């Protein structure tokens with residue numbers, strides 16, 4: 001399996017559109033809603049063609065780059081005061097393409113000092129963020145914090161082989177395999193409101209795809225697959241983009 005962006009792993013969660021075209025379409029169009037939620041198989045040009053919109057205006061309103069990448073579950077604005085439905089240029093579609101999750105293998109930069117937040121709570125406590133009740137995936141200490149410049153797109157925890165790895169929130173398992181070598185045995189869980197969490201480098205996976213899990217349920221055992229030491233790399237992604245898990249997790 002090729003290396004793919006986290007939300008695209010074997011679930012077709014990524015859609016993209018190609019560069020502009022000058023071809024015009026005169027087919028009948030549907031009334032455009034103010035907002036549209038991206039579905040599997042959508043591209044920016046398909047959406048624009050469906051509602052008779054200029055795909056460039058749609059991309060501009062939603063701050064979508066020139067690669068025109070969109071994500072399943074992403075909420076797009078289609079209509080505002082300056083963008084009304086009309087027959088417009090349509091960009092040709094190209095097949096869904098996988099985007100690299102990282103530029104190279106997992107490296108082990110010098111450990112950063114992690115200072116726990118001052119507010120203390122009991123293990124297993126939860127915090128509400130994005131209308132989701134979050135909890136820590138492990139009680140083990142953090143050894144590296146979120147730092148995109150060092151290719152740390154989540155939190156890294158130390159531990160012993162076999163330590164429990166738990167779901168950070170309720171959701172559905174959308175991937176449980178080892179198709180991304182640099183992440184080893186990997187679990188992906190889809191949550192409400194566009195959130196996906198990732199649990200990498202496990203020794204053993206305890207869930208299968210399409211399994212519904214509850215917050216705190218053990219989904220794997222910590223290990224060293226895909227790396228040279230026992231660790232858990234925990235990522236939180238919103239609409240496909242990595243974010244600092246410390247923003248959603250309860251205070252320790």
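Data table
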| item | result |
| --- | --- |
| Residues of segment 155-176 with amide N under 19 Å of the 7 Å Cα→Cβ point at residue 208 | 171-176 |
| Length released on extending from residue 35 to residue 246, taking residue separation times 0.36 nm less the Cα-Cα span | 73.0 nm |
| Segment 127-247 shape via C-alpha gyration tensor axes, a/c threshold 1.5 | rounded |
| Segments 228-237, 197-206 sorted - mean Cβ within 10 Å per residue, highest first | 197-206, 228-237 |
| Alpha-carbon centroids, segment 225-245 and segment 124-185: separation in whole Å | 6 |
| For peptides 41-49, 61-69, sequence by mean Cβ density within 10 Å, most packed first | 41-49, 61-69 |
| Modelled FRET efficiency - R0 30 Å, residue 62 with residue 172, Cβ distances, 0.05 increments | 0.70 |
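The numbers here are math on the coordinates, done by the rules we state, and not lab data. No experiment lies behind these values; they were computed from the predicted model shown. All Cβ positions, even for glycine, are placed from backbone atoms using ideal geometry, and neighbour counts span all protein chains on display.
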